[in-house]
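The values are calculated or read from the model by the stated rules, or taken from the named source; none is laboratory data. From a predicted model like this one, the values you see are computed outputs, not experimental measurements. Here Cβ is always computed from backbone atoms with ideal geometry, including for glycine, and neighbour counts include all displayed protein chains. Side chains included, ligands, DNA and RNA excluded: accessible areas come from the protein's heavy atoms. Shrake-Rupley method; radii C 1.70, N 1.55, O 1.52, S 1.80 Å.
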Amino acid sequence: MKVSKSWLSEYVSIQSDTDHLADALTMAGLEIESVSDPYAHLKNVLVGKIRSIAPHPKADRLQCCRVDIGDKTISVVCGAKNIFEGALIACALPGTHLPNGLILKKTSIRDELSEGMICSETELGIGNAHEGILILDNSHTPGTLLNETLNLNDAVMEIGLTPNRPDCACMIGVAREIAAIESGTLKYPAITLNESGPDCSTMTSVTIENPDHCPRYAARVMLNVQVAPSPFWLQQRLSAVGLRPINNVVDITNFVMMETGQPLHAFDYDLLDEHRIVVRTARQDEKFTTLDKKERTMESDMLFICDGKKPVAVAGVMGGLNSEIHDGTQRVLLESAYFQPTSVRKTSKRLGLNTDASYRFERGIDPEGVIFAINRAAQLMNEICGATVCKGIVDVYPHTIPSVHIDVSVKKTHQLIGITPDQEQIESLLKSIEFTVNPIDEDLIRVNVPSFRVDVKRPQDIMEEVARLVGYNEIPSVSPGSAACVERPSRHLFYRQYIKQSMIGFGFFETINYSFISSDSADRLKLTSDDPRCHPVALLNPISEDQAVMRTSLVPGMLETIRRNLNQKNVNLKLFESGKIFLNHSNAPLPQEREGIVGIWTGTSQIENWQQTETACNFYDLKGVVEALMHRLYIKKLTFCKPEQADPYFRKGSVAWMMVKQNKVGILGEIHSDVLGAYQIKQPVYLFEINYEALYPMIPEKLSARPLPRYPSTTRDMTLILDKAVQAKEILDVMKSCNEKLVSDIQIFSVYEGNPISEGKKSMSFRITFRSWEETLKDEKINQIHTDIAKTVIKTFHADLP
């Protein structure tokens, strides 16, 4: 959604510059995705003064002008009739991008040089006058920028609005946030109506047959409407936020929608049979033609706005072609309604019809803002269209939507958000966004939620608002200490062939490289000088410089294999190599030999075909391969942890150690971009290394089996709100440490960060499977165990329940 800074300034006094305002709104939860200047095209347009005018020697309707632009005088060929010597004009220089798409260039017009263009208001996009060029008054100085001298400055910010904040899908909503940020005052537009027409109830009526779909519907009637193009200021406002001006009536409904967040619709009153409104659901397969001239097939639960005989609009989505406003419209029925969000969302999705109105209705608008918006539109139609406003409103509101009252504990707020504003501060913060707060005692406050905040329904929502208004940057971050991972020596067992067969079964191809590599391989891997792999055994008679030393790692050979394949346009690779490396020890007559396996994955994880799109492989794809390999080896206690010091050829933050019973057996991660550059590889590469010496002792020598369970299992889910830094492994370890014999499995099935979860927090969901080998479990017993585990985890990590 786009908002104009100059438009926002009508509702709140903005003290910050554009950059600081964008940062502040982003930190308040309204992410600013981009900022643009609608007048950027005027940066090459200067104020000029016509010094002389001469007829064009080869064109009767053209004249040759000498234009003073401050530091020099240029020649411009012009065909306007209202030019005269001494006139101050707007002169666009070569390189100017005009709104109509024209890019000016220095050119020759019938053999006469033209070094610019004298422009009209329309050509510059700053007005509607197009009969002649723009003539400026004598207060302007030649050579100054036109946008500066005319004060044409604005900033249009595009907000990545989250679905839970429909209140900010309008100028007033964003202005309210700015007022809270800058401790300012929100100014609502003053509405004064001159209701000189007949009583509205004598002109129309409204019947709601389905109040579940339409809880509220209001209508006004305007007479003597003059349909015409909108004034420039209105067109400018709409164009700035990406809406196309149509005519003054339609533009007013769009303006009020962008101002208040309340979608409106204008019907031609004389095209409505019986001049009345009926809100009903459609009949199955009923046909209807919308404003985009497409025939739609309706379903029985879709809502129609009808007149006395026929449908005239799809409620909350789009109007009908049979009642649209046209140049001859003289009487207008204006609609302002509250439609049930789910109803509009289903209709919009099924019809494949997404509009600005449906965007707002399906997220939830302010049910109490219906009357304000329709009165605002009536005021503008009276001022702009010369309309006569009929007295009163037909407002059908059969079941008033109750207001929301929430009791909030200050102490629990402190526990949840991690900071300790006192009760008075919390009251002040909430009042800044128009919440009403009444203290109950020293700890509890009662918050009356304004009707436009449809997303606030429970105490945690209020607490989130407090955290947001205090500022997420004010919440301290605490990093938990990570447990040390200790490697211990292990014995060799021979499973190489079984591992190779398993990798082939996973879709990998085996590669066999020479045991000789280039002497600069360690440097290309960014290994430090104290790393044993930097001191290879040199060959006395190498075949070539690329095979001058014994390899101390399997990685260089694999990266060379990738490079060769990429040069042949074979970009999707799943390869592994099982072999030995040779570590040089100065006191030993022979190098130490270590055996291991390296696997790489680069390119796509799935190839594009008629059933699926192409997807790039990632860290977790290769992690899944490692887990499957360990499963084939009957190794059950495999975990991944953040390394204390990873190998430098892995990208920081995308690397993990493989741990089995607290023993490091390998490493997994993404290759660092500098290392890839050294091997002329231009796409991400993911690699794992496993040390056989560490792995083999972890493989069980004997396998045991037991009968299939006779009794069914049961599951319970647990969702926790935790600090973002808490690792899943730590939580699983705590759950397992409870030593509940009936717990047979624990799985993570969801991790979520973002609204409505507080900054620095995340939601994690676990599924615990319970099973007894002796009896069918009862809910009471399982629930008690589940509760005990939850309490232990909550206490250990200071977690919260959602």
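Condition check: surrounded by 12 or more Cβ atoms within 10 Å (Cβ to Cβ) and free of Cβ contacts under 8 Å to residues at least 40 places away in the same chain. Does Ser75 satisfy that?
When the stated conditions are applied, Ser75 does not pass them.
In the list Asp407, Asp395, which residue meets the criterion of being over 20 Å from Glu368 (Cβ atoms), of a type in the set (Asp, Glu) and touching a strand residue (DSSP E or B) at 6+ places or on another chain (Cβ under 8 Å)?
Only one candidate passes the filter, namely Asp407.
Can you name every residue in segment 349-364 that is open to solvent by 10 Å² or more (accessible area, probe 1.4 Å) and of a type in the set (A, V, I, L, M, F, W, C)?
Scanning segment 349-364 gives Leu351, Leu353, Ala357.
Mind counting the residues in segment 53-72 that are open to solvent by less than 50 Å² (accessible area, probe 1.4 Å), in contact with a Cys (Cβ under 8 Å, 6 or more places away or on another chain) and over 17 Å from Cys119 (Cα atoms)?
The qualifying residues number 2.
Only one of Val470, Val486, Val454 is modelled with pLDDT under 95 and buried (at least 18 other Cβ atoms within 10 Å of the Cβ). Can you tell me which?
Val454
State whether the residues of segment 4-12 include one that is closer than 30 Å to Gly242 by Cβ, surrounded by fewer than 16 Cβ atoms within 10 Å (Cβ to Cβ) and not hydroxyl-bearing (Ser, Thr, Tyr).
Checked segment 4-12: at least one residue is closer than 30 Å to Gly242 by Cβ, surrounded by fewer than 16 Cβ atoms within 10 Å (Cβ to Cβ) and not hydroxyl-bearing (Ser, Thr, Tyr).
Of all the residues that make up segment 716-740, how many are open to solvent by less than 20 Å² (accessible area, probe 1.4 Å) and either part of a loop (DSSP other than H, G, I, E, B) or at positive phi (or both)?
1
Write out, first by first residue and then by second, each pair whose Cβ atoms fall under 8 Å of each other, whose residues are 6+ apart or on separate chains, and whose first residue, in segment 355-376, is over 18 Å from Lys457 (Cβ atoms) while the second is hydroxyl-bearing (Ser, Thr, Tyr) and part of a helix (DSSP H, G or I).
Correct list of pairs: Thr355/Ser348; Ser358/Thr347; Ser358/Ser348; Gly369/Thr260; Phe372/Thr260; Ala373/Thr260; Arg376/Thr260.
Output the residues belonging to segment 685-737 that are of a type in the set (Gly, Ala, Ser) and either more than 30 Å from Glu464 (Cβ to Cβ) or free of Cβ contacts under 8 Å to residues at least 60 places away in the same chain (or both).
Residues satisfying the conditions are Ala694, Ser704, Ala705, Ser713, Ala728, Ser737.
Please work out which residue is modelled with the highest pLDDT, limiting yourself to segment 601-624 and to residues that are outside any loop (DSSP other than H, G, I, E, B) and among the aromatic types (Phe, Trp, Tyr).
Here the residue is Trp601.
Please go through segment 603-644 and give me each residue that is within 26 Å of the chain's Cα centre (by Cα), open to solvent by 30 Å² or more (accessible area, probe 1.4 Å) and touching a residue at least 24 places away in the same chain (Cβ under 8 Å), ordered by number.
Ala616, Asn618, Phe619, Asp621
List every residue pair whose Cβ atoms lie under 7 Å apart, where the two residues are 6 or more positions apart in sequence or sit on different chains, the first residue falls within segment 535-548 and is surrounded by 14 or more Cβ atoms within 10 Å (Cβ to Cβ), and the second residue, located anywhere, is among the β-branched types (Val, Ile, Thr).
What qualifies is Pro536/Val549; Pro536/Thr552; Val537/Val549; Gln547/Ile517.
Looking at (1) at pLDDT 95 or above; (2) open to solvent by 90 Å² or more (accessible area, probe 1.4 Å); (3) of a type in the set (A, V, I, L, M), which is the only condition Val396 fails?
The single condition Val396 does not satisfy is (2).
Just to be sure I understand, how many residues within segment 212-243 are under 20 Å from Pro367 (Cα atoms) and either open to solvent by 40 Å² or more (accessible area, probe 1.4 Å) or in contact with a Gly (Cβ under 6 Å, 6 or more places away or on another chain) (or both)?
Qualifying residue count for the region: 2.
Would you please name the residue that is farthest from Pro450 (Cα to Cα), looking only at residues in segment 402-432 that are without any contact (Cβ under 8 Å) to a residue 40 or more places away in the chain and part of a loop (DSSP other than H, G, I, E, B)?
My answer is Thr420.
So that you can scan it fast, the table gives a plain yes or no per residue for (1) closer than 22 Å to Lys81 by Cβ; (2) of a type in the set (A, V, I, L, M, F, W, C); (3) crowded, with 20+ Cβ neighbours inside 10 Å:
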{"residue": "Gly127", "(1), (2), (3)": "yes, no, no"}
{"residue": "Ile135", "(1), (2), (3)": "yes, yes, no"}
{"residue": "Leu145", "(1), (2), (3)": "no, yes, no"}
{"residue": "Leu152", "(1), (2), (3)": "no, yes, no"}
{"residue": "Pro163", "(1), (2), (3)": "no, no, no"}
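Have a look at Glu177, Glu209, Glu195 and point out the one that is of a type in the set (D, E, K, R) and either within 30 Å of Cys119 (Cα to Cα) or open to solvent by less than 20 Å² (accessible area, probe 1.4 Å) (or both).
Residue meeting the stated conditions: Glu177.
Specify the residue that is nearest to Leu695 (Cα to Cα); the eligible residues are those in segment 498-514 that are open to solvent by less than 60 Å² (accessible area, probe 1.4 Å) and aliphatic (A, V, I, L, M).
Going through the qualifying residues, I end up with Ile499.
Do you know which of the residues in segment 85-125 that are in contact with a Ser or Thr (Cβ under 6 Å, 6 or more places away or on another chain) and open to solvent by less than 30 Å² (accessible area, probe 1.4 Å) is farthest from Val67 (Cα to Cα)?
Only one residue tops the list, namely Leu104.
Looking at Phe688, Phe766, which is the one that is under 27 Å from Leu622 (Cα atoms), in contact with a Leu (Cβ under 6 Å, 6 or more places away or on another chain) and surrounded by 12 or more Cβ atoms within 10 Å (Cβ to Cβ)?
Going through Phe688, Phe766 in turn, just one is under 27 Å from Leu622 (Cα atoms), in contact with a Leu (Cβ under 6 Å, 6 or more places away or on another chain) and surrounded by 12 or more Cβ atoms within 10 Å (Cβ to Cβ): Phe688.
Do you know which residues across segment 263-283 are assigned to a strand (DSSP E or B), over 38 Å from the mean Cα position of the chain (by Cα) and not hydrophobic (A, V, I, L, M, F, W, C)?
Residue satisfying the conditions is Asp268 alone.
Taking only pairs six or more apart or across chains, which ones have beta-carbon atoms under 6 Å, a first residue in segment 434-456 that is closer than 19 Å to Phe361 by Cα, and a second residue that is of a type in the set (S, T, N, Q) and open to solvent by 40 Å² or more (accessible area, probe 1.4 Å)?
Going by the 6 Å Cβ cut-off, the qualifying pairs are Asp455/Asn164.
Can you tell me how many residues within segment 668-686 are charged (D, E, K, R) and part of a strand (DSSP E or B)?
Matching residues across segment 668-686 total 1.
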